[in-house]
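See structure below.
The values are calculated or read from the model by the stated rules, or taken from the named source; none is laboratory data. Computed from a prediction, not measured in an experiment: that's the story for all the values here. Glycine also receives a Cβ, built like all others from the backbone with ideal geometry; neighbour counts cover every protein chain displayed.
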Number of protein chains: 2
Amino acid sequence: MAVYTDITDVELAGLLADFDLGVALSLKGVAEGVENSNFLLETEAGRYFLTIYERRVDPADLPFFLGLMRWLAEHGYPSATPIPDRAGEILKAVRGKPAAIVSFLSGLSVRRPGAVHCREAGAGLAALHLAATGFPGVRANDLGHAAWGPMFRGLKNQAEGLKPGLAATIDGDLAHLAEGWPTGLPEGVIHADYFPDNVFFKGGAFAGAIDFYFACVDALAYDIAVALNAWCFEPDGSFNITSARALVSGYESKRPLSDAERAALPILAHGAAMRFFLTRLHDWDATPTGALVKRKDPLEYERKLAVHRAAPDLVLFG
Amino acid sequence: MAVYTDITDVELAGLLADFDLGVALSLKGVAEGVENSNFLLETEAGRYFLTIYERRVDPADLPFFLGLMRWLAEHGYPSATPIPDRAGEILKAVRGKPAAIVSFLSGLSVRRPGAVHCREAGAGLAALHLAATGFPGVRANDLGHAAWGPMFRGLKNQAEGLKPGLAATIDGDLAHLAEGWPTGLPEGVIHADYFPDNVFFKGGAFAGAIDFYFACVDALAYDIAVALNAWCFEPDGSFNITSARALVSGYESKRPLSDAERAALPILAHGAAMRFFLTRLHDWDATPTGALVKRKDPLEYERKLAVHRAAPDLVLFG
């Protein structure tokens, strides 16, 4: 949950004066998004989301993120789209921080996705990749495989503190990933954080995705790998093969995978687990106890790493 | 900000199955209300607030609070109203906690109210008192003047810790309040927490009040006294007499005060400052550092106490 920046009625009126949205009718800070301050804003013109970007988002990346959201909405993908002000600007400022008003996307995220949700989510992810085709923006994946070794060098003590012996195990994983990481896979814009809480459903059907603030250009199949980890593990730590097959077949209903992409899924899933393990390990230590952000347990992803390490083909063959 | 209780899509669907509101289209936890978990809920039937009552609210009081909200809405007061399920029940349960769905009330609260807002707020408070007339519910003010002495007995060390010598000063205030506290003033249902963040405006006009979870039966003029403290002090601690006059005259535009009520305002305002000083002093110490609740500074009300102590007639004559 997060509302880091307060916004007064007077500041809001000042912001809205630049837009053709009428006056504000209500404003509610929402407990959503750990990176930014988010408000549900109702004006005479309808409902919107007002986001104020906090320090974890690099302002230089905002034109990519907001441009992508606009592109996706214009290309038929159910995504919140930034609203331009009268001068055509979508990137605004509130209290000296970057801010944007985006359209409201309705739908409900699913807490415990089943195979049917996974199939829908997979299809929605392929639709995202297809809709983003041709988007001219470029942003490297700064949390991609090249970053993991350097990231872990500063986190070895934390890993040992979490579980004695873990640093050596992670070093082994990193060597394995560096050696076998696939090249030449089809690339494009990926969501890179396609977790259940970022995907909306209506009546069991995919209804849209939110939170594009990790989006970047990388292997498309890596996005599937992130999703397999996020959607297809049971609360007891076991991998649900039915859900995984449903997710991949949902994806392939819109965009069939090449043989190389399919063959790469096990190592991509191992790597995707590494990415979230490392950032959670970093945040676990870096988040002050009194912060208003809920810390995410790195051990959840340590267990996923162990699953991929022990049975690399699980993702594909069960 | 507060979302203490999580609610899953499955639990929400279970709750809504009892209502004629269609299925859920979106659910957002809102950073509002320190006592409860609040969600903005959109269903096929419209927009609502879903509140889950946490431990600070006594479940035995909920029929009074919810009954009052319904009564007010039925009597023309702009208040969120509880929605009954198909069996006519308004008090429901989520995860074993009491919960209610209430209608969505739009409007914006004002961060720094001016005299015009104070006039509107005063008129809105009188409208509340008039609309509540005849409401059959009864709830004593458990934070009223009789409670302050006993409350402070357990807080003397905290007061001294805040400011050496403060305990004796507060004891003096309490003796003064006990001696001069007015009796026989017109009583009725009061809001008892009529602060700017609980009052909504649209286009500068009063648009409704929320958060009736301190409402009780007490002297109507005491509600004005609470509001004078909450609305008419400047950030520098000075009392804005123009705002105070506007608030009282707004009130009297709907419900003229008796001579006794008017004469009682100074001591009522002193007492109302004591009530918020004491609860803030208690919460200041009792709130764990890591809690998701923003602590409110007791010193703000210690300064207001000092103003009333030094110039008791300020509230009326400037």
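What the table below lists for this structure:
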{"read-out": "Options A:R153, A:R111, A:R139, A:R119; residue that is charged (D, E, K, R) and modelled with pLDDT under 95", "value": "A:R111"}
{"read-out": "Leading residue by the ranking (nearest to the other protein chains (Cβ to nearest Cβ)) among those in region B:105-125 that are of a type outside the set (A, V, I, L, M) and assigned to a helix (DSSP H, G or I)", "value": "B:H117"}
{"read-out": "Residue among A:A132, A:A80 that is in contact with a helix residue (DSSP H, G or I) (Cβ under 9 Å, 6 or more places away or on another chain), at pLDDT 95 or above and either charged (D, E, K, R) or buried (at least 16 other Cβ atoms within 10 Å of the Cβ) (or both)", "value": "A:A132"}
{"read-out": "Meets criteria (outside the structural domain of A:F195 (by TED's automatic domain parsing) and more than 18 Å from A:Y213 (Cβ to Cβ)) for A:E120", "value": "no"}
{"read-out": "Residues within region A:35-61 that are within 25 Å of A:R139 (Cβ to Cβ) and surrounded by fewer than 19 Cβ atoms within 10 Å (Cβ to Cβ), tallied", "value": "9"}
{"read-out": "Pairs with Cβ under 6 Å, 6+ apart, first in region B:10-31 and assigned by TED's automatic domain parsing to the domain that holds B:K92, second among the aromatic types (F, W, Y)", "value": "B:L27/B:F39; B:G29/B:F39"}
{"read-out": "Residue in region B:128-142 that is closer than 30 Å to B:T5 by Cβ and either touching a Ser or Thr at 6+ places or on another chain (Cβ under 7 Å) or not assigned by TED's automatic domain parsing to the domain that holds B:L281 (or both) present", "value": "no"}
{"read-out": "Where a residue in region B:236-265 is more than 12 Å from B:L125 (Cβ to Cβ) and its partner, wherever it lies, is among the small types (G, A, S) and surrounded by fewer than 23 Cβ atoms within 10 Å (Cβ to Cβ), with Cβ under 6 Å and at least six apart", "value": "B:I241/B:G318; B:T242/B:A115; B:S243/B:A115; B:A246/B:A115"}
{"read-out": "Condition met for B:R95 (within 14 Å of chain A (Cβ to nearest Cβ), surrounded by fewer than 17 Cβ atoms within 10 Å (Cβ to Cβ) and of a type outside the set (F, W, Y))", "value": "yes"}
